[in-house]
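Here's the structure we're looking at; comments come further down.
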Amino acid sequence: MRQSELFTKTRREAPKDEVAKNAQLLIRAGYIHKETAGAYSYLPLGLRVLNKIVGVIREEMNVIGGQEVLLTALQNKETWQASGRWDDKDLEIWFKTSLKGGGELGLGFTHEEPLTALMKDHIRSFRDLPVGVYQFQTKFRNEPRAKSGLMRGREFLMKDLYTFCKDEKEQNEYYEKAKQAYIRIFDRLGIGGETYVTFASGGSFSKYSHEFQTLTDAGEDTIYVSEAKKIAVNKEVMNDEVLKDLGLHRSDLCEKKAVEVGNIFNLGTKFSDALNLVYKDEKGQSKPVWMGSYGIGPGRVMGTIVELKSDDKGLVWPESVAPFAIHLVALFDQSGKVKKAADDLYSKLSAKGVEVLYDDRELSAGEKFSDADLIGIPKRYVVSEKTLANDSVEVKDRVTGKIELAPTFKL
């Protein structure tokens, strides 16, 4: 991508109506555009980052046998009435709409019910189980507090995986596979060191569920962290019984602020009972299907990375999710030699399959460097009269700030 052809522009000042650091920086750097509170459009740079995050998650879901689908956002009223989650008195976060011909539809905030109903057409025998089905799909939630940028939205992308198993034992085994996949995901996305498997309430389904909580002062949750065991406990379930179950002592735990970047739940047979999802076992007897639900918000992860990794100059992306691997900056001279050398290097790197954002704009060095710091690509290559004199390129690491000269022929 030549930066002269990129339609988005950077901004020096943060929007006055944004209080979250992630939204301020992403808007200033031209990654997202705010449509309304809790709803953001992804611009070319932002979409590249989002797709990188989605790619990592997809790979790990496929490793544990997940099969990808795409379900509708429009939801059938009757399906949700069966589970008791349609009435606004029971669930206040619905967005609903009236049909011109009469009747109501909802905009999906999760998909346990519709996928359970769908699987009635495909699960009949114990031979059909276990199965895991996942999607990346836009969710809609009527959030009363949409003030945290990408970390709490009313319209947002979610990866939701649902597992269907023969019994509790098989479901617990799949649950553990999903937990390990989540740990790998956050490691690959560059926030594994700050992300803790956190014990939370299992509701009516099981004793515990697990959240994946990333430490940040921008988080809305309070957790108690065991550095020794690399686990944490959500404040909501913090008590002597939980500590005993986990072999923890209160004195060993540190209170921290965190943001929930993922969660996993055992669902038992709640939804299969409500929607009559059953299978025939080896003896021909009808049994309810056991289920699990596993969510990650790619946009929320993106916002969390910004909260964690940015500095006073701008964004600082981990290599795994950066929109481009290299930001090539050309400081043009009068002779045209720098432009030719930079053009040649851009072509050479692109031919090797390296993702490059090439700043070929007619701007001052200061403006280009300021934009490069704000945009946050991990490696910056600078071509100038000075570097040409040494037959080299200046290479700057955005994370460490280290600068060195690299011979052109080695790039």
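The values are calculated or read from the model by the stated rules, or taken from the named source; none is laboratory data. Remember, predicted model here, so these are calculated numbers, not experimental data. Cβ placement follows ideal geometry from the backbone for every residue including glycine, while neighbour counts extend to all protein chains displayed.
Could you check the stretch 45-69 and list, in sequence order, the residues that are among the hydrophobic types (A, V, I, L, M, F, W, C) and touching a residue at least 12 places away in the same chain (Cβ under 8 Å)?
We begin by selecting, within the stretch 45-69, every residue among the hydrophobic types (A, V, I, L, M, F, W, C); these are 45, 47, 49-50, 53-54, 56-57, 61, 63-64, 69.
The answer is L45, V49, L50, I53, V54, V56, I57, M61, V63, I64, V69.
Quick one: would you say V301 is under 27 Å from K177 (Cβ atoms), in contact with a Lys or Arg (Cβ under 7 Å, 6 or more places away or on another chain) and of a type outside the set (G, A, S)?
No, not satisfied.
Taking G284 and the conditions (1) assigned to a loop (DSSP other than H, G, I, E, B); (2) not assigned by TED's automatic domain parsing to the domain that holds T163, which numbered condition does it fall short on, given that it satisfies the others?
(2)
Would you mind finding the one in R380, R398 that is in contact (Cβ under 8 Å) with a residue 60 or more places away in the chain, touching a strand residue (DSSP E or B) at 6+ places or on another chain (Cβ under 7 Å), crowded, with 18+ Cβ neighbours inside 10 Å and within 18 Å of D311 (Cα to Cα)?
Working: R380 fails: in contact (Cβ under 8 Å) with a residue 60 or more places away in the chain.
None of the others qualify; the one that does is R398.
Look through the stretch 121-147, keep the residues that are out of contact with any Asp or Glu (no Cβ under 8 Å at 6 or more places or on another chain) and in a helix (DSSP H, G or I), and return whichever of them is nearest to G262 (Cα to Cα).
Among them, the one singled out is D128.
Look through I57, I93 and report the one residue that is touching a Lys or Arg at 6+ places or on another chain (Cβ under 7 Å), within 25 Å of Q180 (Cα to Cα) and outside the structural domain of V356 (by TED's automatic domain parsing).
Going through I57, I93 in turn, the sole match is I57.
Mind checking which pairs have a first residue in the stretch 334-347 that is closer than 15 Å to S364 by Cα and a second that is part of a loop (DSSP other than H, G, I, E, B), Cβ under 9 Å, 6 or more apart or different chains?
Final answer for the pair search is V338/L331; V338/F332; V338/S384; K339/F332; K339/D333; K339/D360.
Please list, ordered by residue number, the helices (runs of 4 or more DSSP H) wholly in the stretch 1-105 having 1 or more residues that are within 30 Å of I326 (Cα to Cα).
21-28, 44-63
Which is touching a helix residue (DSSP H, G or I) at 6+ places or on another chain (Cβ under 8 Å), of a type outside the set (A, V, I, L, M, F, W, C) and closer than 23 Å to L189 by Cβ, of E60, E18, E104, E13? Walk me through it before giving the result.
Numbers: E18 fails: closer than 23 Å to L189 by Cβ; E104 fails: closer than 23 Å to L189 by Cβ; E13 fails: closer than 23 Å to L189 by Cβ.
One residue alone meets the criteria, E60.
Do we have T72 as touching a residue at least 60 places away in the same chain (Cβ under 8 Å), of a type in the set (S, T, N, Q) and surrounded by fewer than 18 Cβ atoms within 10 Å (Cβ to Cβ) here?
Considered against the rule, which asks whether it is touching a residue at least 60 places away in the same chain (Cβ under 8 Å), of a type in the set (S, T, N, Q) and surrounded by fewer than 18 Cβ atoms within 10 Å (Cβ to Cβ), T72 comes out as no.
This table checks each residue for (1) out of contact with any strand residue (DSSP E or B) (no Cβ under 7 Å at 6 or more places or on another chain); (2) closer than 21 Å to E362 by Cβ.
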{"residue": "M1", "(1), (2)": "no, yes"}
{"residue": "E5", "(1), (2)": "yes, yes"}
{"residue": "G30", "(1), (2)": "yes, yes"}
{"residue": "T36", "(1), (2)": "yes, no"}
{"residue": "S41", "(1), (2)": "no, no"}
{"residue": "K52", "(1), (2)": "yes, no"}
